[in-house]
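Below: one structure, written as structure tokens.
The values are calculated or read from the model by the stated rules, or taken from the named source; none is laboratory data. Because the structure is a prediction, the values reported are computed rather than measured. Cβ coordinates were reconstructed from backbone atoms using ideal geometry, including for glycine residues, and neighbour counts include every protein chain displayed. Heads up: the accessible areas ignore ligands, DNA and RNA and are worked out on the full protein's heavy atoms, side chains in. Shrake-Rupley method; radii C 1.70, N 1.55, O 1.52, S 1.80 Å.
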Amino acid sequence: MVAEARANERTFNRRVRTKPRGSYSHHYRRGLPKLLAALAFGCGNDAFRPVMHALALLDRYQDSDADHYDRADRVPLEYVVPDDWREAVVDQDSGLIERIPYELCVLRALATALRRREIWVHGAGTWRNPDQDLPRDFEENRDVHYEALRKPRDPQAFIADLQRRLTAALDRLEAGLAKGTTGGVKITRRGGEPWIAVPAPGKQDEPENLAALKAELIRRWGVIDLLDVIKEVDHLTGFTAELPSVASRTTLEPDVLRRRLYLCLFGLGTNIGIKRVADAQAVQSGDADGEAALRRTRKLFINRDNLRNAIRVLVNATLATRDTDLWGPGTSCASDSRKFGSWSANMMTEWHQRYRGPGIMVYWHVERKSVCIYSQVTQPSANEVASMIEGLLRHLTSAEIDRQYTDTHGATTVGFAFAHLLDFALLPRLANIGSARLYRPGLASDQPWTRVAPVVSNRTIDWDLIARTTTR
């Protein structure tokens with residue numbers, strides 16, 4: 001059975017390798033080497049130097065017709081070729097490195113390094129050197145930036161604060177379990193292993209005035225046309241001023257331009273589409289706002305940056321209008337993603353393993369009172385922790401977020417680390433909290449924590465690693 005399983009695994013791996021090799025050798029190989037030659041890559045991590053050497057090797061062989069690399073060439077394999085690709089890359093008889101599968105491995109390694117920003121592209125925006133993301137005066141004014149983050153520059157002070165907070169949290173949990181004030185949280189056993197039992201939250205009662213408020217709103221305004229809402233919001237906030245043209249000049253009358261912007265935003269926002277909106281408008285008011293005119297307006301005035309600016313104006317106006325005594329300060333936010341199907345020809349489309357189908361993911365940050373402060377398009381395979389942090393840093397609204405709620409995807413070591421450094425509380429839904437283990441500070445003054453002991457790991461935190469990383 002073991003031999004059969006290994007044989008089936010080898011057969012499956014060969015099939016997996018055959019598909020991308022066929023597509024790459026027949027189509028993409030003609031253009032990708034030229035694209036790579038036009039880009040200048042940089043690297044600041046010695047662990048990814050083999051990928052840089054491999055890119056240089058691909059550049060030298062760009063115009064060669066040889067099927068294998070020369071024996072005299074230094075062909076990096078470690079950190080470039082995965083173990084399950086070795087037999088496809090290295091010829092079993094001659095020991096030479098075959099070019100086509102090796103190029104595929106280099107491209108995969110390059111994609112991974114670019115996503116992690118260990119390798120960057122000179123002159124790029126999204127894929128630029130990560131050091132350029134820092135403020136220009138970071139080195140000269142480190143004290144100012146550390147103070148803005150409310151973090152000490154001394155790594156020992158930083159570690160001492162972490163140790164104090166961790167010890168205090170374990171003390172509170174121990175005391176709560178002893179007094180029974182943990183809200184039903186218990187340390188039990190499941191399958192012979194220690195288990196953190198958390199009761200499911202009960203259903204909240206509906207506010208007694210909510211039904212009366214809904215009835216009064218319907219009595220006063222009834223059903224309001226969405227176009228009327230867009231027009232009224234623009235009258236109050238002037239958000240269309242944030243939708244300038246990408247052309248050098250504009251000859252349209254302001255009233256005509258605003259009307260066409262309303263129609264375009266209505267068609268895009270409701271997913272009706274420009275054509276159907278233009279057809280409906282032609283029935284009511286003739287061809288003044290035909291399909292060609294609306295498509296030109298959409299092309300010149302509506303793009304991602306303009307929409308982000310317009311949304312920022314709307315969000316800030318909403319937050320400024322709120323009565324904080326009734327609505328609260330709005331300092332918490334929840335984020336999650338949703339899959340949208342798209343054509344396979346879309347460059348962002350990927351197959352989603354969980355939802356079974358091609359598409360993209362849209363990741364939203366929604367403030368406590370249902371105001372979306374940021375949205376972004378991601379790929380199904382993208383790490384949602386990075387999207388969560390990006391939305392918190394780049395929403396550019398007046399919302400001061402200090403608590404971030406996520407699904408279980410936010411419960412990662414990297415997510416918690418960056419949340420602490422950026423000074424906001426990460427509050428994910430821990431689906432695996434039952435089997436979780438708690439770290440002990442590892443100090444000489446550690447308490448026995450008898451009630452918490454079953455779920456406290458014997459391992460201690462590597463404080464020296466944190467000190468070295470903080471110093472760097």
statement: Output for Cβ contacts, cut-off 6 Å, separation at least six or different chains, first residue closer than 12 Å to LEU265 by Cα and modelled with pLDDT of 90 or more in the stretch 226-247, second charged (D, E, K, R) and surrounded by 11 or more Cβ atoms within 10 Å (Cβ to Cβ), reads THR240/ASP234; THR240/ARG258
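Quick grid of which residues meet (1) modelled with pLDDT under 90; (2) under 30 Å from the mean Cα position of the chain (by Cα); (3) closer than 20 Å to LYS231 by Cβ:
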{"residue": "LEU263", "(1), (2), (3)": "no, no, yes"}
{"residue": "PHE266", "(1), (2), (3)": "no, yes, yes"}
{"residue": "ASP289", "(1), (2), (3)": "yes, no, yes"}
{"residue": "PHE301", "(1), (2), (3)": "no, yes, yes"}
{"residue": "ASN306", "(1), (2), (3)": "no, yes, yes"}
{"residue": "ASP323", "(1), (2), (3)": "yes, no, no"}
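Please tell me if ALA47 is open to solvent by 30 Å² or more (accessible area, probe 1.4 Å), of a type in the set (Gly, Ala, Ser), under 16 Å from GLU118 (Cα atoms) and in a helix (DSSP H, G or I). Talk me through it step by step, then tell me what you get.
Working: open to solvent by 30 Å² or more (accessible area, probe 1.4 Å): yes; of a type in the set (Gly, Ala, Ser): yes; under 16 Å from GLU118 (Cα atoms): yes; in a helix (DSSP H, G or I): yes.
Yes: the conditions hold for ALA47.
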task: Report yes if some residue within the stretch 421-428 is surrounded by 20 or more Cβ atoms within 10 Å (Cβ to Cβ) and either at pLDDT below 85 or in contact with a strand residue (DSSP E or B) (Cβ under 7 Å, 6 or more places away or on another chain) (or both); otherwise report no.
output: yes
query: Hey, GLY273 hits all of (1) free of Cβ contacts under 8 Å to residues at least 24 places away in the same chain; (2) loosely packed, with under 14 Cβ neighbours inside 10 Å; (3) at negative phi but one; which does it fall short on?
result: (3)
Lone qualifier among ASP84, ASP65 - being at pLDDT 80 or above and exposed (fewer than 15 other Cβ atoms within 10 Å of the Cβ): ASP65
- request: Select from the stretch 447-469 the residues that are open to solvent by less than 40 Å² (accessible area, probe 1.4 Å) and over 17 Å from ILE196 (Cβ atoms) and write down the one among them that is modelled with the lowest pLDDT.
  value: ALA467
query: When the residues of the stretch 50-69 are filtered to those that are touching a strand residue (DSSP E or B) at 6+ places or on another chain (Cβ under 8 Å) and either part of a loop (DSSP other than H, G, I, E, B) or of a type in the set (Val, Ile, Thr) (or both), which remaining residue is farthest from ALA40 (Cα to Cα)?
result: ASP67
query: Among the helices (runs of 4 or more DSSP H) contained in the stretch 287-388, which hold 2 or more residues that are buried (at least 19 other Cβ atoms within 10 Å of the Cβ) and β-branched (Val, Ile, Thr)?
result: 304-321
- line: Checked the stretch 389-424 for anything in a loop (DSSP other than H, G, I, E, B), under 20 Å from GLY328 (Cβ atoms) and hydroxyl-bearing (Ser, Thr, Tyr); matches are THR397, SER398
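Being of a type in the set (Phe, Trp, Tyr), under 19 Å from ALA317 (Cα atoms) and touching a strand residue (DSSP E or B) at 6+ places or on another chain (Cβ under 7 Å) is the requirement here; does TYR374 meet it? Give the derivation first.
On the way: of a type in the set (Phe, Trp, Tyr): yes; under 19 Å from ALA317 (Cα atoms): yes; touching a strand residue (DSSP E or B) at 6+ places or on another chain (Cβ under 7 Å): yes.
Judged against the criteria, TYR374 is a match.
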- prompt: Looking at this structure, is LEU443 open to solvent by 70 Å² or more (accessible area, probe 1.4 Å) and farther than 27 Å from GLY184 by Cα?
  reply: no
query: List pairs: first in the stretch 321-336 and within 14 Å of THR397 (Cα to Cα) and β-branched (Val, Ile, Thr), second open to solvent by 80 Å² or more (accessible area, probe 1.4 Å) and outside any strand (DSSP E or B), Cβ under 7 Å, 6+ apart or cross-chain?
result: THR331/GLU400
query: Where residues in the stretch 234-245 are under 20 Å from LEU294 (Cβ atoms) and part of a helix (DSSP H, G or I), which of them is most open to solvent (accessible area, probe 1.4 Å)?
result: ALA241
- request: Evaluate the following for VAL362: is it touching a Phe, Trp or Tyr at 6+ places or on another chain (Cβ under 7 Å) and over 18 Å from SER387 (Cβ atoms)?
  value: no
field: Criterion violated by GLN353 - all others in (1) over 17 Å from the mean Cα position of the chain (by Cα); (2) more than 23 Å from THR112 (Cα to Cα) satisfied
entry: (2)
